[in-house]
1. Between residue B:47 and residue B:173, what is the FRET efficiency for a Förster distance of 51 Å, r being their Cβ-Cβ separation, to the nearest 0.05?
2. For residue B:250, project a label point 7 Å along Cα to C-beta. Then give me every residue of the stretch B:208-228 with its amide nitrogen under 15 Å of that point.
3. Residue A:98 versus residue B:22, label points 7 Å from Cα toward the beta carbon: distance in nm?
4. Report the semi-axes of the equivalent ellipsoid for the stretch B:39-79 in whole Å, largest first, where each axis is √(5λ) for an eigenvalue λ of the Cα gyration tensor.
5. Order these by the 10 Å Cβ neighbour count, fewest first: B:357, B:23.
6. When you look at the Cβ of every residue in B:201-211, what mean number of other chain Cβ atoms sits within 10 Å?
7. Under the definition of Cα pairs under 8 Å and six or more residues apart, what whole-number percent is the relative contact order of the stretch A:140-290?
8. At 222 nm, what helix-only mean residue ellipticity would chain B give, in deg cm²/dmol to the nearest 500, using -39500 (n - 2.57) for each DSSP H run of four or more?
Ligand SMILES: [Zn+2]
């Protein structure tokens, strides 16, 4: 049972979590999925808690997903984003942290362009801090929802072969997935242009494919990352067209695979660049399941960090909805 | 003028004379008058008992950033010089990347005057290689030397234009001074903030590859070979550049090199937790690089230890790793760290350590220091090689608190520092009090 699993104050990354903790989050997310299917999508688990969504980087998708999760657990939420706030006026993270502390809030969900920003904040305020993506470091809830989606579709992660394809160098999604998948017993590979594969990634315990055909030959699951347009301008890849030709996940490439491959993408997609529309909308794509699971996983994380007990998650959602 | 001082009974370490023996040392008129066993005290002499302690030529640091002018919130020449003597350094070479930079004779004169007024360590200005440190037009190097500069450097930045480096290594031969090179290929460093490797990958921080240093060290050695100029490579951090310097020396190239205590002691693992006190340029490297620079220091491929003392205001470090300033302070921890890593680690004996911290650096910068020969300046450090102490940044004389050794136990500590025979730092009272306290508590117990 998961009843004895303890959680710390914060969720800054999956590197520091144990397999038991990760499994507990995924298990708690399961019953929460059902809440989103109800007519009245609200339970009182976090009633009276104040959560600040502190977004230094624009990210509609992640912010909205967190906001839904918070509201469905009845928390009070405030959004602070880069435009139209002190974040724009150059207030630094230390001062922002002190101000938040002074306002006696309960939780902060932070998205920041610098690696380590979530940890930096977590060390300086008593509130729970949830990392919604820090620089190129980690994006733990994205990896959790990816893992939940794989588990839903394939039953278990142990022994599964997952290849992350694309810009690994700049990807926090890749790093969180690598830690999480390895802890749950999956085999992990990365594949992308060598300019976008970080030095020493093999030391983390993953294999590296330079050619996407080899990755497709090997993998049961492909997690296709978004190629940021700015990577082309910075000279990591010559052009988007060429990227699509060499690394794009197309039907033609998948047809040569020795098995059906589950396709994930953290979004937003560049159709026709890293992934072709036929694949994105095809029968093995679980990209929309990921979006649905995102809310459930974030509800689970919020619930557990707020002190909720894993074995009471089922009960929590049964409580009266008044 | 004060009277003669007789320093009695210390273990005297003088690499210049290959001396390691218990001796007395007589200081008259700020200079060393006599060094011998059991010198009878002259009538009017002040006698100082140093039995059980080591005495050596004061340490020489050829690479410090004292921040004045322009960065007085980080450090001043006076606070930096007080940190120097607290660390046993009696001579320091101040890098020119201040605001404005030390690129004209008046600026050189300013640094000298400030240093003299502080009356602590001797402060020797390093002039800029290029006007405004912009890497374009060579400074009036002859004027800088005439005003008192002892070397030239664009440190903080590399001299990225190979043609300018060539001209500097040619022109400086008139004055027989070295060019101090911060060897870095900025194209390879990119936006990097730490060593490139498994740790940078795990932390999601942009990496600086070893090749960024190796390429530049190789280029500089080749230009030194071409020109016959005197090249000094600052802060060697990689196995590759140590190898390149070894090969260049074997070919007779006039190249010397330094390594910092932090590169001798720490790897990039120290960055974990996004510790901005472990952020500097060049970055902390891998364990095999640390082993290689230690070997190179032992073999003499790397000639000396220099701190690259780089104080910053705490706000410049108390922030996201990407945005934090590069640099760490080092003057007050250099002895403790170097002695712990190199002497207790069994790689150097004390005499060799003093050679790397006093005699060799003095030779590189051409300073009247690093020796206890008759008539030499009485620039002296007295230290206890066995004293264990906790590194407390809040007790530093430096305005900078940015050290990766915070909270760490160090071994070997300065007890007293003399410049020109005058005491500029003295912990004997504090040590006597500590002993008395221990004694009392023992008696009570
Ligand atoms: Zn430098």
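Bear in mind these aren't lab numbers, they're just calculated from the coordinates by the rules spelled out. Predicted model only: the values in this text are computed from it and were never measured. Don't worry about glycine lacking a Cβ; one is built from the backbone with ideal geometry, like all the others, and counts go over all protein chains shown.
1. That pair, residue B:47 with residue B:173, gives E of 0.60.
2. Correct set: none at all.
3. So the label points at residue A:98 and residue B:22 sit 5.6 nm apart.
4. 38, 14, 9
5. Ascending Cβ contact count within 10 Å gives the list B:23, B:357.
6. 6
7. That works out to 23 percent.
8. -8500 deg cm²/dmol
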